[in-house]
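Below you'll find the structure, written out as structure tokens, and then a few comments.
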Amino acid sequence: MLDCYCDHWRDYWSQKAPAEFELAQNVAKALIACTRDLATPQGAPWIADRLKDEVLPVMRKYWLIEALTTLLNQGMLRGVKEDRLMKLIEQKAEEIANNRPAPAEFHDSMQEFFSQLDNPNMRIAWESFVIELTDDAMGRIGSGAVRMLELSQLLVDANPPQPTLNYLRRISACFIWGFDPECIILCRSALDSAFREKISDEICEKVFGAAEERDFGLLARIRAAHRTQMISDGTRDTAWRVKYRGDKAVHYDPDATRDVKGTVRDTVEVLKVLFPA
């Protein structure tokens with residue numbers, strides 16, 4: 001269905017506004033590539049370098065066309081010999097280009113490019129973004145439905161506090177849509193929230209002793225819960241496992257942990273112990 005729509009979309013714009021379509025497509029491709037990695041290959045502050053590489057060649061082609069049209073309309077090509085003709089066109093194209101934004105000014109140029117919703121360039125680029133996002137989402141729908149069924153077997157039979165529930169909602173969304181490293185990081189965050197709620201600083205101070213400006217982290221609160229017999233050896237080990245997987249994803253490698261479903265299950269099991277229904 002999407003392929004059929006894209007074919008009609010390309011046919012429509014390539015016939016209605018071929019010049020704008022080619023330019024806007026190049027802009028859209030550059031923006032999509034840069035925003036996917038959140039950086040240009042050169043690490044430029046914006047995407048000027050990428051846009052320069054993608055867009056300027058197209059713009060130069062249309063400057064040459066504009067130059068040829070201008071010279072013809074002004075009658076300046078009458079009697080010009082063939083060896084002189086291309087030089088005149090290129091000189092005129094350069095004159096046109098000099099009155100357009102330089103690469104260093106592409107930031108302002110692109111802001112102007114997207115400033116009007118009724119502008120064909122803007123509309124084509126916007127529709128390109130929508131198609132890109134739709135294609136990505138459609139590729140995740142099938143596996144997302146399967147993961148939704150898997151999550152139905154891991155429902156939390158517990159009463160965690162609202163901040164922890166907020167994390168659980170995000171865990172669910174990330175798991176269903178296939179954002180696995182983000183899901184693991186949020187599992188760690190959910191336990192951090194839960195243990196902060198259940199294991200107060202006062203409990204930690206009784207176990208470890210008071211210390212000025214001491215911030216008890218997740219590891220300390222897990223140990224305090226275990227030493228005060230609020231959790232068993234097994235629950236402690238499960239909580240540690242979630243913490244270490246989250247730490248790896250945050251600090252070392254987002255793809256270090258593959259067992260995403262197991263991490264969600266471990267998170268749920270710990271919450272059941274901390275906040276029984």
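Residue pairs, Cβ under 6 Å, 6 or more apart or interchain, first in the stretch 165-180 and under 14 Å from ARG147 (Cα atoms), second basic (Lys, Arg) and in a helix (DSSP H, G or I). List them.
PHE175/ARG147; ILE176/ARG147; TRP177/ARG140; GLY178/ARG140
Tell me the residue from ILE222, ILE176, ILE171 that is more than 30 Å from LEU2 (Cα to Cα) and assigned by TED's automatic domain parsing to the domain that holds ASP247, please. Before the answer, list the steps.
On the way: ILE176 fails: more than 30 Å from LEU2 (Cα to Cα); ILE171 fails: more than 30 Å from LEU2 (Cα to Cα).
Exactly one of ILE222, ILE176, ILE171 is more than 30 Å from LEU2 (Cα to Cα) and assigned by TED's automatic domain parsing to the domain that holds ASP247, namely ILE222.
The values are calculated or read from the model by the stated rules, or taken from the named source; none is laboratory data. These numbers come from a predicted model, not from an experiment. With ideal geometry, Cβ positions are generated from the backbone for all residues, glycine too; neighbour counts draw on all protein chains shown.
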